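Comments concern the structure below.
The values are calculated or read from the model by the stated rules, or taken from the named source; none is laboratory data. This one's a predicted model, so the numbers in the text were calculated from it and none came from an experiment. Because the Cβ atoms are built from the backbone with ideal geometry, glycine has one as well, and the counts that use them run over all protein chains shown. The area values use the complete protein model at the heavy-atom level, side chains included, leaving out ligands, DNA and RNA. Shrake-Rupley method; radii C 1.70, N 1.55, O 1.52, S 1.80 Å.
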Amino acid sequence: MPLRIDVVTVFPGMLQGFFGESILRRAVAMGAAALHAVDLRDFAHDLRGTLDDKPYGGGAGMLMKPEPLVEAVESLRRPETHVIAMTPQGAPFRQETARRLAGESHLVFLCGHYEGMDERALERLADEQLSIGDYVLTNGALPAAVVVDSVVRLLPGVLGGGAEATERESFSNGLLEQAQYTRPPVYRGQRVPEVLLQGDHARVEQWRQNQMIERTARHRPDLIQH
């Protein structure tokens with residue numbers, strides 16, 4: 001069975017092209033994933049499609065009403081459904097999170113907009129809350145797209161090349177990926193490291209390991225400190 005992913009958003013059009021390109025398109029075509037952008041306005045309670053209102057207690061901006069959010073998820077929920085709210089207050093999204101989510105059978109993403117969602121909707125619906133970084137965007141569709149891409153590419157067969165396609169990537173083993181090179185062997189005076197041209201697999205493997213440690217220490221020392 002494919003991994004079904006429903007993204008509940010005020011802006012489904014932001015996702016339509018994204019779902020139809022590159023690796024995501026391949027995943028859908030091969031039956032590994034089923035991707036759907038769900039228009040939250042279909043669950044509004046008036047002809048104007050109202051989804052927000054002023055927050056109690058005052059404050060800037062408008063807040064997403066609980067009724068459309070709850071009813072949208074209720075229309076999608078199955079016993080195995082796992083609901084994720086994309087919000088700046090969520091836990092940092094990491095590669096291990098992507099691997100865990102790739103093992104689910106049905107994911108529903110809730111995308112905030114305006115000043116966010118009524119807390120009652122979050123408490124009732126979200127199995128977890130995720131953030132892709134310590135910054136604020138205008139809505140949650142883009143963060144959801146980032147997570148969807150990261151998860152779907154881990155599904156069996158989607159990238160091709162078996163497990164090796166992802167097991168050596170950055171963050172998969174706590175380190176950054178090593179530098180990589182392709183033809184030509186010399187470009188504008190810059191040469192490919194000689195060790196990669198000699199066919200000695202043991203030396204190549206040792207070079208890769210050293211590169212991963214060196215690059216991580218230089219660019220992301222926080223990963224090594226953990």
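Per-structure values
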| quantity | calculated |
| --- | --- |
| Given charges at beta-carbon only (K, R positive; D, E negative), |dipole| of region 13-89 in Debye | 240 |
| Dipole of the chain [Lys/Arg +1, Asp/Glu -1 at C-beta], most positive-end residue of 180, 216, 64 | 180 |
| The chain: calculated mean residue ellipticity at 222 nm from DSSP helix runs of at least 4, using -39500 (n - 2.57) | -10000 deg cm²/dmol |
| 13 Å beta-carbon shell around residue 75, net charge (K/R +1, D/E -1) | -4 |
| Contour excess over end-to-end distance, with Cα ends at residue 41 and residue 203 and 0.36 nm allotted per residue | 52.5 nm |
| Set of region 198-220 residues, backbone N closer than 14 Å to the point 7 Å along the Cα-Cβ line of residue 179 | 207-216, 218-219 |
| Loop trypsin sites (Lys or Arg not before Pro), region 84-145 (other Cβ atoms within 10 Å of the site Cβ: 15 or fewer; DSSP) | 94 |
| Correct option for mean projected area of the Cα convex hull in nm² [calculated from the coordinates] among (i) 15.4; (ii) 12.4; (iii) 16.6 | (iii) |
| The chain, accessible surface, carbon-and-sulfur percent (1.4 angstrom probe) | 50 |
| Among 134, 149, 52: highest mean-square fluctuation, GNM of the chain, C-alpha pairs under 10 Å | 134 |
| Dipole magnitude of region 114-220, debye to nearest 20 (Cβ charges: Lys/Arg +1, Asp/Glu -1, about Cα centre) | 740 |
